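Quick notes on the structure that follows.
The values are calculated or read from the model by the stated rules, or taken from the named source; none is laboratory data. Note that this is a predicted model, so its numbers are computed, not measured. Positions of Cβ are generated from backbone atoms using ideal geometry, with glycine treated the same way; all protein chains shown enter the neighbour counts. Heavy atoms of the whole protein, side chains included, go into the accessibility calculation; ligands, DNA and RNA do not. Shrake-Rupley method; radii C 1.70, N 1.55, O 1.52, S 1.80 Å.
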Amino acid sequence: MSRRIVGPFNRVEGDVEVQLDIVDGVVREAWVVSLLYRGFEQILRGKAPADALVYTPRICGICSVSQSIAAATALADCQGVKMPPNGELATNLILANENITDHLTHFYLFFMPDFAREIYAADPWYPQIAKRFRAISGTASQQVLPVRAQFLHLMGLLAGKWPHSLAIQPGGTTRAIGVKERMQMAGILFSFRQFLESTLFGDQLENILAINSSTALQNWAAQFPWQHSDFCRFLHVADVLSLDALGQSDNSFMSNGAYLIEGKPLLASGVWRGGDLSPLNPAAIREDISHSWMAQHNQALHPYEGITVPDADAPDGYSWGKAPRLESRVVEVGALARQVVAGDPLAQDLVRQSGSNVRNRVIGRLLEIARVVVAMESWVGGLQQGKPYCNQAPEVSEASGCGLVEAARGSLGHWIQIEKGRIQNYQIIAPTTWNFSPRDAQNVPGALEQALVGAPVRAGEKDPVSVQHIVRSFDPCMVCTVH
């Protein structure tokens, strides 16, 4: 047996390290270490409640909109204010713009470049994949970066800037949209759809969304040569490298639900375990800190009761991340979880056939791109000229509330308690906190720690490529994890 430390990782947000016990060329156990503490929960104590809209987006420059919406939703819960229809649509468009940008960035700039590593140089597919996806110099990044920049112009029209906009408020959004700007947004989405259909998928979005099983996906891909599109290229590499057998977790998924239309989510909330769907009960969330570098308390606590006090000398601690659990169990969050919980037939069939794994997590993200872009087109069309975008919210001096949203990487929750007009307690559980949690008091590993078990390590590998694939398949955001 050998013990190996891998990290810090490049092409992920923030600093993460994994410690591996390796036996006979296979990972036997893994520990995930969040390396840096930040302390936003301490910063927020004693501040005016509305300050959460300023501070929390600074947790991350990639998913600042998600943090804004979680904070605004928590404040709206305290204030009892609802958004007007235009506010809901504009908020959805802003969040979708950030989430889809994140998926695109992850696929082209973070995940696919791993297949351009020299370790694959002997594989027959390597020359074409390396030419297409090599970091910085690959043809894909040169093509995608201008598309990504143009797509983000939609953010400028709706939110003024990205990241760290203040456009999202508890009662809606601050920026009303005129006819000319709505036409600009429709043009941006039309251009983005053209890229998706010509380059990423090589087919109409509606045809991608009509694929309803793993067999149908195989039949769809078999129509084309594997170089037909970037999705086809990924499916080919995933098949020859058996990525459906790599990075398995225990197939329990959670989603807070996303994109409200008249109060109902486009992507439903819920929990999927063993093929069964059930409603999400946020009251059953607890955070365990038995293996965190945190001042210890006797039991796992709900976020309303949560305590976040750093203690670098905590016994048994090995990470600045906490261990959130739902009904005392590990759950995986992210795009695959969202699609499974929302009832996408392809995502559910993929999970039934091969579980949660590297291939299916990537497919989940790409499916979500197609699904949400189609929805965005309808949301732009639904904006009503001359109607309000924001309702005013009264200030409150004593209240508590939560904001549950879906960031690109998965379920994000903010819990706030207000006393005497000031923030008495503020707790955050980010998507990567769920996926990259350390062990809990029962010594149960988190989702990534489970997924790394069984990863093959080739002779002489210093940074096992299988571990790189598994870690990046979750698209971790460590700055959000340690907030």
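Numbers below:
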item	result
Test for Q417: is it polar (S, T, N, Q), within 21 Å of L166 (Cα to Cα) and touching a residue at least 12 places away in the same chain (Cβ under 8 Å)	no
Q385 being in contact (Cβ under 8 Å) with a residue 12 or more places away in the chain and closer than 30 Å to T174 by Cα	yes
Subset tally (residues that are open to solvent by 20 Å² or more (accessible area, probe 1.4 Å), assigned to a loop (DSSP other than H, G, I, E, B), in contact with a helix residue (DSSP H, G or I) (Cβ under 9 Å, 6 or more places away or on another chain) and within 21 Å of R458 (Cα to Cα)) for the stretch 119-139	3
Residues satisfying the stated conditions in the stretch 191-205, i.e. free of Cβ contacts under 8 Å to residues at least 40 places away in the same chain and open to solvent by less than 40 Å² (accessible area, probe 1.4 Å)	G202, D203
Among (1) under 30 Å from K462 (Cβ atoms); (2) open to solvent by less than 10 Å² (accessible area, probe 1.4 Å); (3) part of a helix (DSSP H, G or I), the one test that F110 misses	(2)
Lone qualifier among S397, S378 - being within 30 Å of M183 (Cβ to Cβ), without any contact (Cβ under 8 Å) to a residue 60 or more places away in the chain and surrounded by fewer than 21 Cβ atoms within 10 Å (Cβ to Cβ)	S378
Residue pairs meeting the criteria (Cβ under 6 Å; at least 6 apart or on separate chains; first more than 22 Å from A48 (Cα to Cα), in the stretch 64-89; second at pLDDT 95 or above and of a type in the set (D, E, K, R))	N86/K387
Subset of the stretch 146-190 (residues that are part of a helix (DSSP H, G or I), within 25 Å of V81 (Cα to Cα) and free of Cβ contacts under 8 Å to residues at least 60 places away in the same chain)	L157
Residue within the stretch 219-234 that is in contact with a helix residue (DSSP H, G or I) (Cβ under 7 Å, 6 or more places away or on another chain) and farther than 15 Å from W125 by Cα present	yes
From the options R3, R38, residue that is modelled with pLDDT under 95, open to solvent by 10 Å² or more (accessible area, probe 1.4 Å) and outside any loop (DSSP other than H, G, I, E, B)	R3
Qualifying residue in the stretch 289-308 (condition: in a helix (DSSP H, G or I) and within 22 Å of the chain's Cα centre (by Cα))	yes
Residue selected from the stretch 419-431 under the condition more than 18 Å from H483 (Cα to Cα) and either hydroxyl-bearing (S, T, Y) or out of contact with any Gly (no Cβ under 8 Å at 6 or more places or on another chain) (or both), by the criterion least open to solvent (accessible area, probe 1.4 Å)	G421
Selected residue [modelled with pLDDT of 95 or more and crowded, with 17+ Cβ neighbours inside 10 Å] from S255, S278	S255
Yes/no for N443 being modelled with pLDDT of 95 or more and either on the phi > 0 side of the Ramachandran plot or open to solvent by 40 Å² or more (accessible area, probe 1.4 Å) (or both)	yes
Filter result (among the aliphatic types (A, V, I, L, M), under 26 Å from G386 (Cα atoms) and not in a helix (DSSP H, G or I)) within the stretch 44-99	V81, M83
In the stretch 52-62, the residues that are open to solvent by 10 Å² or more (accessible area, probe 1.4 Å) and farther than 16 Å from Q427 by Cβ	L53, V54, R58, G61, I62
Any chance S278 is of a type in the set (S, T, Y) and in contact (Cβ under 8 Å) with a residue 40 or more places away in the chain	no
Breaking point among (1) out of contact with any Pro (no Cβ under 8 Å at 6 or more places or on another chain); (2) more than 19 Å from L336 (Cβ to Cβ), for C232	(1)
